1. Defining a contact as two alpha carbons under 8 Å apart and six or more residues distant in sequence, what relative contact order in percent does the stretch 2-125 show?
2. What ranking do Cys37, Cys57 get, fewest neighbouring Cβ atoms within 10 angstrom at the top?
3. Cross-link partners among lysines for Lys143, C-alpha distance below 28 Å, same-chain residues fewer than 8 apart left out?
4. State the volume of the convex hull built on the alpha-carbon positions of the chain, expressed per residue in Å³ and rounded to an integer.
5. Between Arg92 and Leu123, 0.36 nm times their residue separation minus their Cα-Cα distance comes to what?
6. In nm, to one decimal, how far is the Phe59 label point from the Ser172 one, both placed 7 Å along Cα→Cβ?
7. Considering only Phe115, Phe107, Phe59, give the residue with the highest GNM mean-square fluctuation for the chain, with springs between Cα atoms whenever their separation is below 10 Å.
8. Provide the packing ranking of 156-162, 81-87, i.e. peptides ordered by the mean count of other C-beta atoms within 10 Å per residue, highest first.
Amino acid sequence: MVVIDRAQKRLDALIANSPIASVISDPRQKDNPIIACNAAFIELTGYREDEIIGRNCKFLAGPATEPWLTETIRSGVKRHSPVLVEILNYKRDGTPFRNAVLVAPMFDEEGELEFFLGSQVELEPDAPATHANRRMAAAMAVKALSKRQRQVLAEMALGHLNKQIAHRLGLSEQTVKMHRALLMDRLGATTTADAIRIAVEAGL
Ligand SMILES: Cc1cc2nc3c(=O)[nH]c(=O)nc-3n(C[C@H](O)[C@H](O)[C@H](O)COP(=O)(O)O)c2cc1C
């Protein structure tokens, strides 16, 4: 069916080819279940796809997960604004890991909330600088963009589609597409999810 194909294509374009573990959830369904995940997420967490799809992402939390960090994610979800926290999570076999998780809203062409994007990076316990380094690299990459590219990236990180970005910045959709392609290339981002992650890491 055309509608499903289009939706599936959009989900694939968002996360399928990302080297970063990623999920998409559907806030229009009860308890905001995951409707898509990529291979990197399966590899990171050890869960099979059929154990992931249809569940809320809270199954990664466990006994020592910090409740105040869960609360930060919860309030970002509630406010429809991107959040990035380093939270203690657990893999399928019970191994704990420090998860630098990004949760960001994505809106449809009408400006209605459509999905949440989740992207998970495991921080190595013996390399506490990893996350600081990621942030610094992200900040430098974003700084190297043109002003217009930064504006488009900031809009992408707010979860807007090209059509809305064009409207919000007073540009044509074609121009937005051009900036988007160029900035993704300059950031070395394979997918929109990766570009959003870099933007939030950079504090854009
Ligand atoms: C797309 C998405 C990805 C999420 N990823 C994680 C995650 O990797 N780790 C985590 O502890 N919570 C994650 N969460 C948060 C939980 O799913 C859940 O919202 C949170 O634990 C609060 O749940 P509650 O309000 O039902 O208690 C994610 C949420 C969303 C919407």
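1. For the stretch 2-125, the relative contact order is 23 percent.
2. Cys57, Cys37
3. Straight-distance partners of Lys143: Lys163, Lys177.
4. 121
5. My answer for the length gained is 9.5 nm.
6. Reported label-point gap for Phe59 and Ser172 is 4.7 nm.
7. Maximum among the listed residues: Phe59.
8. Going from most to least packed, we get 156-162, 81-87.
Every number in this text was worked out from the coordinates using simple rules, so none of it is lab data. Because the structure is predicted, anything quoted here is derived from the model rather than measured. No Cβ is skipped: glycine too gets one built from the backbone with ideal geometry, and neighbour counts run over all protein chains shown.
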